[in-house]
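Colleague: Handing you this structure, nothing more for now.
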Amino acid sequence: MVVNLLFVAIMTSLKNGVAVILNYCNELPRGEENLPAVYRMINKDNDVIYVGKAKQLKKRLVSYTKPQKLGNRIQRMIAETAKMEFIITHTEAEALLLESNLIKELQPRYNILLRDDKSFPMVLIRRDHPFPQILKHRGAKKTKGDYFGPYASTRAVNESLVVLERVFQLRNCSDSIFSNRKRPCLQFHIKRCTAPCVGKISEVAYEKNVASAKQFLQGGSRHVQTMLEKDMAIAAAKRDYEKAAEVRDRIQALTKLQQSQTINIGNLSADIVALYRGGNDKQVAIQLFFYRDGQNHGNRAFFPKISSGGDMGDNGDDDIKEIMASFLAQFYRDMPPPPEILLSHPCDDQATLELALTQIHGKKVTISVPQKGIKKSAMDEAVKNAKWSLMRKTADEAQTSKNLTALFALAEQHNQMPGDKLSRIEIYDNSHLQGSNPVGAMVVYGRDGFDKKSYRLFNFDARRGGGDDIAFMTEMLTRRLSRAINEGPPLPDLIMLDGGKPQLSAAIAVLADLGLSTQVPLMAIAKGVDRNAGRERLFFPPPAPSAAVPEVALALDDPLQFFIQRLRDEAHRFAIMAHRKKRKKDIERTTLDDIPGIGAKRKRALINHFGSAQLVQSAGIADLMKVQGISKDLAEHIYHFHH
């Protein structure tokens, strides 16, 4: 009986959704029904649940009025639709771009969402100095120079930089360090820099190394190696064996970098996008390999979020086409694409995607599915990696579920679970050095692992805290939970504190003051004997004010022990990282920061000219005026500030 009533309710909702869409279909203004457009489906709570594009708007709306031909996910979406909004566009490519922008901004429930939208690192050879610097770069391309990449990870770009420094010996130091060197640094002595800062190489010779580095990064590795072999032969003929050995080491480093390729791909410059569908066809992994000028710049796995409502649907290949198209539109919205994008499966609107990406980035982009040859071999490897990454993710999710269940049961034993699940765990820690530069950290763990977008830092006034961990913990929890009460961020299902009984007592007092004692569960984790990892003790609030604090010690080989350690260690890592940044900034602070009218640009110009803030402090007005951007009035202002 209950099942029948549920079925009737679902069918009624679906019928109502179809009626809403059909009404909009009939009311489309004449002349707009066959135009490209972007549409938004909105539920009764006024939340956008889906953003789509249409080559012909009316035709797309009509397809939604026949839900029996559509998959489960789309049927649920139609059933929830209460109203719609439309934006007519001039071209289908414009509609595609607008759709990807709205998906990124609104994160609709029924869209396929790309959750990992981090920027990717690149290699930058600067062009704003006579002796260009080589360095890792991430973000907007504001610095004048040549950019190479992207690389899949920081590790990949760091490994390439180490080899590039050994082979081409370009400087990696900042301009301020460069201008103040009096003798070569360690990089010169270990053969990773030619020490242009102290005149060990001419500008012409250094520029030759820069040109070779650029040629290598653009795919000319064979030509560069041939040149180095000639240099080694010439040095050997002159019996300059030390020079010959140095060039030999550079050739070996270059060969090692070339041998890191698993497949001989020639001079291929392409992104390989491989999709694997598993988990009873309910999960998808996309493995993306970056190849630039014949070099493998690494790979990254993505797990698109299909829908919080369940499976992808029943349409097989059509679903995969939609997933692939949505991934490409969202990923390349800001990421510059290579000339060629290779896919494991065809995608929807391929021609429109090619046109849109060409328009965005100003260069021709082609999308294809390789069928044979080197490209097909590279694609097969990428598909294997996609399959393995999905298997690892599935195994991790299963273990996470077990860990959350075990933690829930443990907390429930001590009357600490007012809810029925653990969807949001918040772990707190603070870090300082004898009370200086104190900072608090909150990390969040959910059913999908660590939710780094929800991490928060808390800055404390060192003068008020006096290095008191308990005071810092009290302030941090008060600020976080007060905001939750006043502004509505979700309350955690469990608060975990890095500390023992004192931290737990502070948290109990905060919850009591805010009236949350029965709403937010607590536990504290303290290091064991001799602060030995693996012998941690867990503390829970006492069942009564006069009762003893319950204390639990898990077995050394208990998986829950490792899980709790992992949560605590992540909070500890995040807190220490923030503290070190704050301390470094404090150390680098100079008297120039306190002078009104001196911003970062003028501060940098002064330090680059004089070498240090102390020398700026002792400089005269005439000397200060020699710095670019420092007028007579400003020079007098700086001088009188220091004197």
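The values are calculated or read from the model by the stated rules, or taken from the named source; none is laboratory data. Bear in mind that the values here come from a model prediction, so they are computed numbers and not experimental data. Note: ideal-geometry Cβ built from the backbone for every residue, glycine included; neighbour counts use all protein chains shown. Side chains included, ligands, DNA and RNA excluded: accessible areas come from the protein's heavy atoms. Shrake-Rupley method; radii C 1.70, N 1.55, O 1.52, S 1.80 Å.
Colleague: Please determine, by comparing only the residues of the range 410-462 that are of a type in the set (Lys, Arg) and at pLDDT below 85, which one is nearest to residue 543 (Cα to Cα).
Modeller: The residue in question is 421.
Colleague: I'd like to know if the range 391-401 contains one or more residues that are surrounded by 20 or more Cβ atoms within 10 Å (Cβ to Cβ), aliphatic (A, V, I, L, M) and touching a residue at least 12 places away in the same chain (Cβ under 8 Å).
Modeller: For the range 391-401, residues surrounded by 20 or more Cβ atoms within 10 Å (Cβ to Cβ), aliphatic (A, V, I, L, M) and touching a residue at least 12 places away in the same chain (Cβ under 8 Å): absent.
Colleague: Please identify the pairs in which a residue from the range 155-180 that is under 20 Å from residue 127 (Cα atoms) and open to solvent by less than 40 Å² (accessible area, probe 1.4 Å) has its Cβ atom under 6 Å from the Cβ atom of a residue that is outside any helix (DSSP H, G or I) and among the hydroxyl-bearing types (Ser, Thr, Tyr), counting only partners at least 6 apart or on another chain.
Modeller: Every condition considered, the pairs that remain are 157/151; 169/194.
Colleague: Sticking with this one: Quick one: in the range 65-85, which of the residues that are among the basic types (Lys, Arg) and not in a loop (DSSP other than H, G, I, E, B) is nearest to the chain's Cα centre (by Cα)?
Modeller: Step by step, filter the range 65-85, then rank; the result is 73.
Colleague: List, please: which pairs have Cβ atoms under 6 Å, are six or more places apart or on different chains, and start with a residue in the range 295-308 that is more than 16 Å from residue 326 (Cα to Cα) and among the basic types (Lys, Arg) and end with one that is open to solvent by less than 10 Å² (accessible area, probe 1.4 Å) and at pLDDT 80 or above?
Modeller: 300/152; 300/288
Colleague: If you check 405, 474, which single one turns out to be of a type in the set (Ser, Thr, Tyr), more than 26 Å from residue 505 (Cβ to Cβ) and more than 25 Å from the chain's Cα centre (by Cα)? Even if it seems obvious, please write down each step before you answer.
Modeller: Details: 474 fails: more than 26 Å from residue 505 (Cβ to Cβ).
So the residue among 405, 474 that is of a type in the set (Ser, Thr, Tyr), more than 26 Å from residue 505 (Cβ to Cβ) and more than 25 Å from the chain's Cα centre (by Cα) is 405.
Colleague: Just to be sure before I move on: is residue 102 open to solvent by 10 Å² or more (accessible area, probe 1.4 Å), outside any strand (DSSP E or B) and more than 25 Å from residue 319 (Cβ to Cβ) in the structure I sent?
Modeller: So residue 102 fails the test.
Colleague: If you don't mind, there's one more thing I want to ask. What residue, of 602, 583, is modelled with pLDDT under 85, assigned to a helix (DSSP H, G or I) and crowded, with 18+ Cβ neighbours inside 10 Å?
Modeller: Numbers: 583 fails: crowded, with 18+ Cβ neighbours inside 10 Å.
Within the list 602, 583, the selection yields 602.
Colleague: Please tell me if residue 560 is within 30 Å of residue 407 (Cβ to Cβ), open to solvent by less than 30 Å² (accessible area, probe 1.4 Å), at pLDDT 80 or above and outside any helix (DSSP H, G or I). Before the answer, list the steps.
Modeller: Values: within 30 Å of residue 407 (Cβ to Cβ): yes; open to solvent by less than 30 Å² (accessible area, probe 1.4 Å): yes; at pLDDT 80 or above: yes; outside any helix (DSSP H, G or I): no.
No.
For (1) within 30 Å of residue 453 (Cβ to Cβ); (2) loosely packed, with under 15 Cβ neighbours inside 10 Å, each residue gets a yes or a no:
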position: 578; (1), (2): yes, no
position: 606; (1), (2): no, no
position: 616; (1), (2): no, no
position: 626; (1), (2): no, yes
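Colleague: Are there any pairs, at least 6 apart or on different chains, whose C-beta atoms fall under 6 Å, with the first in the range 526-555 and within 15 Å of residue 499 (Cβ to Cβ) and the second modelled with pLDDT under 85 and open to solvent by 70 Å² or more (accessible area, probe 1.4 Å), and if so, which?
Modeller: Listed pairs, sorted by first residue: 528/535.
Colleague: Let me ask something else. Modelled with pLDDT of 90 or more, out of contact with any Cys (no Cβ under 6 Å at 6 or more places or on another chain) and outside any helix (DSSP H, G or I): does that describe residue 491?
Modeller: no
Colleague: Name the single residue that is surrounded by the fewest Cβ atoms within 10 Å (Cβ to Cβ) among those in the range 425-457 being of a type in the set (Val, Ile, Thr) and over 17 Å from the mean Cα position of the chain (by Cα).
Modeller: Per the criteria, the residue is 425.
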